[in-house]
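The values are calculated or read from the model by the stated rules, or taken from the named source; none is laboratory data. For clarity, every value in this text was computed on a predicted model and none was experimentally measured. As a convention, Cβ positions derive from the backbone with ideal geometry for all residues, glycine included, and neighbour counts pool all protein chains shown.
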Amino acid sequence: MNEQTIQEQYQHIITLLQQKRLKEAQSQLDAFLWNSGNWNLRNRLEQVQTSYQYMLQYMRQGTKDPGQQKLYRQLFADTWEIADQTRLSLLDGTSLHYYHSLRNNRERLPKEYDIATLQKVLESFPDDMAVCQLMPNNQGLDAVLKRHEETAQVLFLSTWSDSNWSVENEQQAKGLLESELLPVNDLCLFTSAVMLSLMECFDARKFSWLLDAVTHADIRVNQRALVGIAIVLHVHPTRLSLYPELMARFSLFNEDISFGKKLNRIYIQLLRSQETEKIDKKMREEIIPEMMKNVNIMRNMKFGFEDNAADENDRNPDWEQAFEQSGIGDKLREMNELQLEGADVYMSTFAQLKSYPFFKEPHNWFYPFDMQHSSVIKEFGFIPSGDNAILSLILESGFFCNSDKYSLCFTMAHIPQAQRNMMLNQMTSQDLNELMNENKSSSLKQYAERPEVISNQYLHDLYRFFKLSQRRHEFRDIFKENFVLHRIPALKDILCKPDLLATVADFHFRKEHPAEALEIYQELIALNHADADIFQKAGYCLQKEKRYQEAIDAYLKADVLKPDHVWTIRHLATCYRQIRNFTSALEYYKKAEIIQPESHNIIFYIGSCLAEQEKYEEALQYFFKLDFIENNSIKAWRAIGWCSFVSAKYEQAMKYYEKILDFKPIASDYLNAGHVAWRLGNIENAIGFYGKAALESNSREAFWEMFNKDKDTLVKLGIDEKNIPLMIDLI
């Protein structure tokens, strides 16, 4: 069997399970297993099939079994687990993917490579480092670092590739959480390995371990565990319901209000991560080119270290004006706002800096940035000093994710010292002092240790792994998928709380995802948790989706809860206009006019609604008003020209069309001018205008379609219908 066939057969079995067709799924799984030489799985399946057969026989006999549903759930879970293990077993023999090569190599690992043994090696690392510091020239440091990093790598890879923990494995893994000596970075790496393993294959014991890790005292560990839970449940949305003990633990989490808020924050951060490609494109195509284009503005600014204190801060006020006029100010503010909300603004910058040998090893994408990592010590020394001390402060801040910190570190190390000094000297002495200041460095550290910063930066690390790693095409890219965590059965009670749902809906609303936002706003409305703002936002989403009648219904409810709100009134008018209910549209535009009598748009649309109702005299008054208060209002001229024409004020109509033709005419302007000229009896002028309209239309068919729409109006205004074909031939 090839890889594609294995995946297709496995997916067919899973589909049967999702449809609750357990007997068929077992039958298909039996055939699937014939391709595998794994007799343990075959024996396990036979036992499950036998148990299920007995259960069905008891049911046929009418025997009442109070444990029937519990047994059914267990058999269901076992069947799914056997299917998972069969798929992996078959792929191990055919796939060339890195994960399956790991699994094949794992079988060859010596017995002593268990979690408990590796833990002891990792726990000795701090003491070994302390001894090295006491030795002359840090003797033995390289060996200590190598032993530690190789051990962490083995623990990561063996955990990732182990698809089915035993009870002993689970207990040893819990020992890592309970250890007071284990370096926290190693525990963070292990947590990522557990998540990656669960993404490949669901394992109840590993998921239970993640639930334990969520309560770990260290923020870096519990935030990784929280992200892991969200991602694993996204990948396996229905599996948890097959494990009552795990569901029971989740129900306990639901009693803690803060847990729902934390998980909801991860939910929004996952959604925000999907905006990265848009931000990346914006950075590459707009913000960075704009800054490069206008870099000369900064050329003459003073950042020197003159002795004259009065001159030191004496910046030319013209620079500020030039800076703002260039557009750089807006771009930088936009970038700053994105960064403050947690957006990944550095993806475009660091995407090209992932080719260092460090990133060829998968586990390094998940290792927290550590100034004591051998790769960093090699470049910056055991105890960074001078310029390296400043750089180490930047690297330990919360501005960059771990992966980008390593990239920045390696890049700086490869820049000649003179250029590196020049980059650091771009900062003023005051900035340097501030950065080295104890309070300043303390605040940077505090920012980096905030839970929302840690989880967000970890998601940036994951995003880079799935988008930039050498073997990214071998893994399921979850960042291409839609995240709807509140719909996952296990999370429904936790996340489907009105205040939490509202934050998710508002995120979609701000990011202009009307369909996604609307779905959640409608859930809030169904929960009777809707105020005027929610009805307004739901209406706006419906309007964006061109569901105008439904939008009107939502806006009317908003209008009841928050009467005479001009925004609601204007949008009601717009929706009525879109469904061509000009009477109602006019009613609401008139209400809006009372509140905003000088609004150009309101004046224009009142005139338009009146014109649609053939109240041309009233419409003209509004269009004349718009022409008076707005300079060179071509839309007012067009409206006056047309209303004058259909009101038989031909000279007045021609006057305004001539103004338009001298300004910025389009095809319809030439067409309408031709209509007026024809009605005035100026046939030559009419033919000339029609000819230009035909040229501007770009195709003969487009011109005839436009002309034919006005045919009834021409006849109504006195043009002989018999002459229309003749005029067409003249054109």
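Yes/no per residue for (1) among the small types (G, A, S); (2) over 16 Å from Q119 (Cα atoms); (3) part of a helix (DSSP H, G or I); (4) out of contact with any Pro (no Cβ under 7 Å at 6 or more places or on another chain):
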| position | (1), (2), (3), (4) |
| --- | --- |
| M129 | no, yes, yes, yes |
| C132 | no, yes, yes, yes |
| H148 | no, no, yes, yes |
| L157 | no, no, yes, yes |
| N164 | no, yes, no, yes |
| N169 | no, no, yes, yes |
| Q172 | no, no, yes, yes |
| G175 | yes, no, yes, yes |
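Report those helices (runs of 4 or more DSSP H) wholly inside the stretch 485-576 carrying at least 1 residues which are in contact (Cβ under 8 Å) with a residue 40 or more places away in the chain, surrounded by fewer than 23 Cβ atoms within 10 Å (Cβ to Cβ) and under 20 Å from the mean Cα position of the chain (by Cα).
Details: elements: 489-495, 498-510, 514-526, 532-544, 548-561.
In the stretch 485-576, 489-495, 498-510 are the helices (runs of 4 or more DSSP H) which contain 1 or more residues that are in contact (Cβ under 8 Å) with a residue 40 or more places away in the chain, surrounded by fewer than 23 Cβ atoms within 10 Å (Cβ to Cβ) and under 20 Å from the mean Cα position of the chain (by Cα).
Can you pull out every residue in the stretch 79-103 that is within 18 Å of R205 (Cβ to Cβ) and touching a Ser or Thr at 6+ places or on another chain (Cβ under 9 Å)?
D84, Q85, L88, R103
Restricting to the stretch 342-369, give me the number of residues that are outside any helix (DSSP H, G or I), more than 18 Å from the chain's Cα centre (by Cα) and buried (at least 18 other Cβ atoms within 10 Å of the Cβ). First the steps, then the outcome.
Pass one, the stretch 342-369, residues outside any helix (DSSP H, G or I): 342-346, 354-356, 361, 366-369.
Filter again for more than 18 Å from the chain's Cα centre (by Cα), leaving 354-356, 361, 366-369.
So of that shortlist, the ones also buried (at least 18 other Cβ atoms within 10 Å of the Cβ) come out as 354, 366-369.
Residues in the stretch 342-369 being outside any helix (DSSP H, G or I), more than 18 Å from the chain's Cα centre (by Cα) and buried (at least 18 other Cβ atoms within 10 Å of the Cβ): 5 in total.
Looking at A693, A619, A648, A686, can you tell me which residue is in contact (Cβ under 8 Å) with a residue 24 or more places away in the chain and within 24 Å of A585 (Cβ to Cβ)? Can you show your working first?
Working: A693 fails: within 24 Å of A585 (Cβ to Cβ); A648 fails: within 24 Å of A585 (Cβ to Cβ); A686 fails: within 24 Å of A585 (Cβ to Cβ).
Selected residue: A619, the only one of A693, A619, A648, A686 that is in contact (Cβ under 8 Å) with a residue 24 or more places away in the chain and within 24 Å of A585 (Cβ to Cβ).
Check the stretch 588-595 and report whether any residue there is over 45 Å from the mean Cα position of the chain (by Cα) and aliphatic (A, V, I, L, M). Before you say what the answer is, go through the steps one by one.
Step one: list which residues in the stretch 588-595 are over 45 Å from the mean Cα position of the chain (by Cα), which gives none.
No - not one qualifying residue is present in the stretch 588-595.
Scan the stretch 234-248 and tell me whether some residue there is within 30 Å of S348 (Cβ to Cβ), at pLDDT 95 or above and touching a Lys or Arg at 6+ places or on another chain (Cβ under 9 Å).
Going through the stretch 234-248, the residues within 30 Å of S348 (Cβ to Cβ) turn out to be 234-235.
Subsequent filtering for residues that are at pLDDT 95 or above retains 234-235.
Imposing the further condition that a residue be touching a Lys or Arg at 6+ places or on another chain (Cβ under 9 Å) reduces the set to 235.
The answer is yes; a qualifying residue exists.
Report yes if some residue within the stretch 323-341 is surrounded by 11 or more Cβ atoms within 10 Å (Cβ to Cβ) and either of a type in the set (V, I, T) or modelled with pLDDT of 85 or more (or both); otherwise report no.
yes
Looking only at residues in the stretch 157-181 that are more than 19 Å from L211 (Cα to Cα) and among the hydrophobic types (A, V, I, L, M, F, W, C), which one is farthest from the chain's Cα centre (by Cα)?
Step by step, filter the stretch 157-181, then rank; the result is L181.
Of the conditions (1) assigned to a helix (DSSP H, G or I); (2) surrounded by fewer than 16 Cβ atoms within 10 Å (Cβ to Cβ), P66 satisfies every one except a single condition; which number is it?
(1)
Can you name every residue in the stretch 228-266 that is within 19 Å of T79 (Cβ to Cβ) and not in a helix (DSSP H, G or I)?
Selection gives H236, P237, T238, Y243.
Matching residues to (1) of a type outside the set (A, V, I, L, M, F, W, C); (2) not assigned by TED's automatic domain parsing to the domain that holds N38:
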| position | (1), (2) |
| --- | --- |
| Q68 | yes, no |
| Y72 | yes, no |
| W80 | no, no |
| T86 | yes, no |
| S101 | yes, yes |
| N105 | yes, yes |
| M129 | no, yes |
| Q133 | yes, yes |
| H148 | yes, yes |
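Of all residues in the stretch 1-50 being among the small types (G, A, S) and modelled with pLDDT of 95 or more, which is farthest from the chain's Cα centre (by Cα)?
Taking the stretch 1-50 and keeping what is among the small types (G, A, S), we get 25, 27, 31, 36-37.
This time we only want the ones that are modelled with pLDDT of 95 or more, so: 25, 27.
On the way: A25: 36, S27: 41 Å.
Here the residue is S27.
Residue by residue, here is whether (1) of a type in the set (S, T, Y); (2) modelled with pLDDT of 95 or more holds:
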residue: N421; (1), (2): no, no
residue: T428; (1), (2): yes, no
residue: N433; (1), (2): no, no
residue: N437; (1), (2): no, no
residue: S443; (1), (2): yes, no
residue: V484; (1), (2): no, yes
residue: F507; (1), (2): no, yes
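Can we say A639 is in contact with a Gly (Cβ under 7 Å, 6 or more places away or on another chain), hydrophobic (A, V, I, L, M, F, W, C) and within 24 Å of K711 (Cβ to Cβ)? If you could, list the steps in order and put the result at the bottom.
Details: in contact with a Gly (Cβ under 7 Å, 6 or more places away or on another chain): yes; hydrophobic (A, V, I, L, M, F, W, C): yes; within 24 Å of K711 (Cβ to Cβ): yes.
Here the answer is yes, as A639 does meet what is asked.
From the list I595, I579, I602, which one is surrounded by 15 or more Cβ atoms within 10 Å (Cβ to Cβ) and in contact (Cβ under 8 Å) with a residue 12 or more places away in the chain?
Details: I595 fails: surrounded by 15 or more Cβ atoms within 10 Å (Cβ to Cβ); I579 fails: surrounded by 15 or more Cβ atoms within 10 Å (Cβ to Cβ).
Answer to the selection: I602.
Residue by residue, here is whether (1) assigned to a helix (DSSP H, G or I); (2) farther than 17 Å from G607 by Cα holds:
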{"residue": "N631", "(1), (2)": "no, yes"}
{"residue": "A636", "(1), (2)": "yes, no"}
{"residue": "A653", "(1), (2)": "yes, no"}
{"residue": "V676", "(1), (2)": "yes, yes"}
{"residue": "N685", "(1), (2)": "yes, yes"}
{"residue": "A693", "(1), (2)": "yes, yes"}
{"residue": "N698", "(1), (2)": "no, yes"}
{"residue": "T713", "(1), (2)": "yes, yes"}
{"residue": "L726", "(1), (2)": "yes, yes"}
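Would you confirm whether any residue within the stretch 284-296 is at pLDDT below 90, closer than 26 Å to A77 by Cβ and outside any helix (DSSP H, G or I)? Full working, then the answer.
Initially, the stretch 284-296 is screened for residues at pLDDT below 90, giving 284-296.
Of the ones still in play, those that are also closer than 26 Å to A77 by Cβ are none.
No, every residue in the stretch 284-296 fails to be at pLDDT below 90, closer than 26 Å to A77 by Cβ and outside any helix (DSSP H, G or I).
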